[in-house]
Each structure stands twice: as structure tokens, then as C-alpha cells.
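Asker: Below is a structure I'd like to ask you about.
What follows is calculated from the coordinates using simple rules that are stated; it is not laboratory data. Because the structure is predicted, anything quoted here is derived from the model rather than measured. Cβ coordinates were reconstructed from backbone atoms using ideal geometry, including for glycine residues, and neighbour counts include every protein chain displayed.
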Amino acid sequence: MHKRIIDSALLLTIGVLFFVLSFPMNDWFSLTMPRHQILQLPAMLVLGMGVGIIFKKINIRDTSWGIAVLIIVMATLIFWMLPRSIDLTIVYPWFNRVMHVTMLLAGFFTIVVWRNMIFEIKIAFPGMVAAMVLATGMALRTFTILLCSSFTLEQQKETGLYLIVIGFVLFVFMLAILFRELGRARRRG
């Protein structure tokens, strides 16, 4: 009973945060590219992960289904990082809210799959996300043409720098998982 109350309170908190980030604060996030891509988009992903953590009984145990779900999550991340998608989220607030919901679902399904995923995928997935984020950051940083018409070239370059840093952090996270799992395997074997 006590755990159910805590889970309900956490779920309510996530719902309130989702509402606040998606509605009252949406204009603030949409003013600059770094706020929109570096703060709002990952915040929705993290909120979805929180929902996935709360619902511990929901699992995808089949590896092939898990890989399929992670591919869909990657496609979702890629789609919302495309310049045209970014522009449409700024021009049409309803399209931005579609991004919010899909990122929430992506975070949720990442956790649902992660629980039972094999070691190799637990290494490959963050590595692929890190590579994607690094490549996007480098592209935004090095292009001297404006890729997203809703923002300035300075904001594009600033976002690129932040994405490079985030990609590097994700790569370090992937290495930490690798060494932790190798240590566990050594202790078991």
C-alpha cells in the first residue's frame, strides 16, 4: 500500500512536470535552439524514463522485440533532431506537443526494454546514441549555413557544442556500463 502511494505521487509529479514543460513553459523553451533541443527534448525523455521506472512489472523480455523497440526509439530521436522537424515544432505548437508525447513514450519504452536486454545491446544502444548526438553536434557546429530557419546561426553553433559535450558524456556512460558488466562477468566466472 505504501509503495502504491509513493508510485502514485511520483506519477502525479511526472504528469505535472510534463504539463508545465509542455504548456506554460513551451514558449520559453521555443525561444532558443539550445533550450528547445538540449533542455526540453531530453526532459521529456527523462520523464518517460521515470514512468518506465515506476511501472516495474511492464517488461519486454524477448530480445528481438526489445531490439525492434530500441530501433524505433532511435528513429524517434533522429526524427526530432532533423532541422525540418525542429522548425515545425517551433512554427506549430501542436507539433511540438507531438514531440513531447513521442519522447515521453521513447523514454518509457527504453526503460521497459532495458530491464531484460542482453549485455551487447546495453553497450551498443548508448554507443549508437552517443555517435548520433556527436555527429549531429559536429554538423551543427561546423556548418556555416543556417539549418533551422526558426533559430539563429549562433544558437545552432551553441547547440552543436552542447550536443558534442552530451555525446561525449554518453560515450563515457557506455564505457562505464561496459566495464561494470565485464567486472560482474569476471566475478561470476
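Asker: Between the range 64-119 and the range 1-46, how many Å separate their Cα centres?
Answerer: 15
Asker: Given the rule -39500 (n - 2.57) for each run of at least 4 DSSP H residues, summed and divided by the residues of the chain, what is its mean residue ellipticity at 222 nm, to the nearest 500 deg cm²/dmol?
Answerer: About -27000 deg cm²/dmol.
Asker: Taking the 0 to 90 degree range and rounding to the nearest ten, how far is the long axis of helix 153-188 tilted relative to the main principal axis of the chain, both from C-alpha atoms?
Answerer: Compared with the principal axis, the helix lies near 10 degrees.
Asker: Would you work out if the chain is rounded, prolate or oblate? Take a ≥ b ≥ c from the square roots of the eigenvalues of the alpha-carbon gyration tensor; rounded if a/c is under 1.5, else prolate when a/b is larger than b/c, oblate otherwise.
Answerer: In terms of gyration-tensor shape, oblate.
Asker: Subtracting the Cα-Cα distance from 0.36 nm times the residue separation, let me have the gained length for VAL169 to LEU12 in nm, one decimal.
Answerer: 53.5 nm
Asker: Report the FRET efficiency, 1/(1 + (r/R0)^6), for ARG186 and ALA68, where r is their Cβ-Cβ distance and R0 is 25 Å, rounded to 0.05.
Answerer: Efficiency at R0 = 25 Å is approximately 0.20.
Asker: May I ask for the net charge around TYR92, where only other residues with Cβ less than 15 Å from the Cβ of TYR92 are counted and Lys, Arg are +1 while Asp, Glu are -1?
Answerer: 0
Asker: A further question follows. For every other residue with a beta carbon closer than 12 angstrom to the beta carbon of ILE164, add +1 if it is Lys or Arg and -1 if Asp or Glu, then tell me the sum.
Answerer: +1
Asker: What are the lysines whose alpha-carbon lies under 30 Å from the alpha-carbon of LYS3, with same-chain residues fewer than 8 places away excluded?
Answerer: LYS56, LYS57, LYS122
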